[in-house]
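Participant: Shown below is the structure under consideration.
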Amino acid sequence: MKRLFIITALFFCVAMAETAAQGMREIFINAPDSVFPLLTRINREDCVDFVDAGMRARVTNRLGGKSELLQITPVYMELKSSEYSTMQLRLLPFRGDTIIAVARTVCAEACDSRISFYKKSWEPAPVSFTRPAVSDFFLSPDSAALYMPKCDIYLVKLSLSPSDEALVAEYTMPEYMNEEDRAVVSPCLQPLRYRWHGGTYVRE
């Protein structure tokens, strides 16, 4: 009886994982065009098929450029939409249900991100994220007071974790600084890590 229970439990876990994986695939494929404006539905289907076949999931997008599905798991996916932009999606528990966090990042010399939250129906979810102040990234108040005058542009890269529900924020404006200023300011900065708790991101 005990052995039967263990086998049943393992089968249930595998079935749940497969269902979740299909869920992420379906979310990607069935998303409105407004979410993935560069990709047609056929593009998205092809990406998933390529991944399942163990091939590089790279397609020609609506503008004639290349888009690539870099990773997809039961709860996470990362898409290189274009040469300069990426998207990360992460499923998060919320009030007994699941919502989708979408981080959109654009990179020139430095990267900058925005994050949005949606229900599985792609309606906006009642969640928001307040991006940290520039001073939060400095290792000490003294270094913030000394070098913040050089930080006159607010650029923050947000990264969703593929392995857990964390969010990491990095201040990227030093990439625009001259080499001398960057060498002084960068060692005074730290990435900020947030954990998902109670339906919101809480700084660790």
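Participant: Among all residue pairs at least 6 apart or on different chains, which show Cβ distances below 7 Å where the first residue, located in region 150-162, is without any contact (Cβ under 8 Å) to a residue 40 or more places away in the chain and the second is open to solvent by less than 30 Å² (accessible area, probe 1.4 Å) and among the hydroxyl-bearing types (Ser, Thr, Tyr)?
Facilitator: Once the first residue is without any contact (Cβ under 8 Å) to a residue 40 or more places away in the chain and sits in region 150-162, no partner that is open to solvent by less than 30 Å² (accessible area, probe 1.4 Å) and among the hydroxyl-bearing types (Ser, Thr, Tyr) comes close enough.
To keep it simple, each residue is scored yes or no on (1) closer than 24 Å to Phe36 by Cβ; (2) over 13 Å from the mean Cα position of the chain (by Cα); (3) aromatic (Phe, Trp, Tyr); (4) at pLDDT 95 or above.
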{"residue": "Ser116", "(1), (2), (3), (4)": "yes, no, no, yes"}
{"residue": "Ser121", "(1), (2), (3), (4)": "yes, yes, no, no"}
{"residue": "Ala133", "(1), (2), (3), (4)": "no, yes, no, yes"}
{"residue": "Phe138", "(1), (2), (3), (4)": "no, yes, yes, yes"}
{"residue": "Asp142", "(1), (2), (3), (4)": "no, yes, no, yes"}
{"residue": "Ser161", "(1), (2), (3), (4)": "yes, no, no, yes"}
{"residue": "Asp164", "(1), (2), (3), (4)": "no, no, no, yes"}
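Participant: Evaluate region 98-111: report whether one residue or more is under 16 Å from Tyr201 (Cα atoms), open to solvent by 10 Å² or more (accessible area, probe 1.4 Å) and in a helix (DSSP H, G or I).
Facilitator: The answer is no; no qualifying residue exists.
Participant: Shifting gears a bit: Take the residues in region 48-68 that are surrounded by 18 or more Cβ atoms within 10 Å (Cβ to Cβ) and in contact (Cβ under 8 Å) with a residue 24 or more places away in the chain, then tell me which one is farthest from the chain's Cα centre (by Cα).
Facilitator: Only one residue fits best here, namely Val48.
Participant: Being among the basic types (Lys, Arg) and part of a strand (DSSP E or B) is the filter; apply it to region 158-204 and report the residue that is farthest from Ala145 (Cα to Cα).
Facilitator: For region 158-204, the residue satisfying everything is Arg195.
Participant: Could you check region 144-183 and list, in sequence order, the residues that are open to solvent by 60 Å² or more (accessible area, probe 1.4 Å) and among the aliphatic types (A, V, I, L, M)?
Facilitator: If the condition is that a residue be open to solvent by 60 Å² or more (accessible area, probe 1.4 Å) and among the aliphatic types (A, V, I, L, M), then Ala145, Leu146, Met148, Ile153, Ala183 are the ones that fit.
The values are calculated or read from the model by the stated rules, or taken from the named source; none is laboratory data. Computed from a predicted structure; not experimentally measured. No Cβ is skipped: glycine too gets one built from the backbone with ideal geometry, and neighbour counts run over all protein chains shown. Surface accessibility is based on the protein's heavy atoms, side chains included, excluding ligands, DNA and RNA. Shrake-Rupley method; radii C 1.70, N 1.55, O 1.52, S 1.80 Å.
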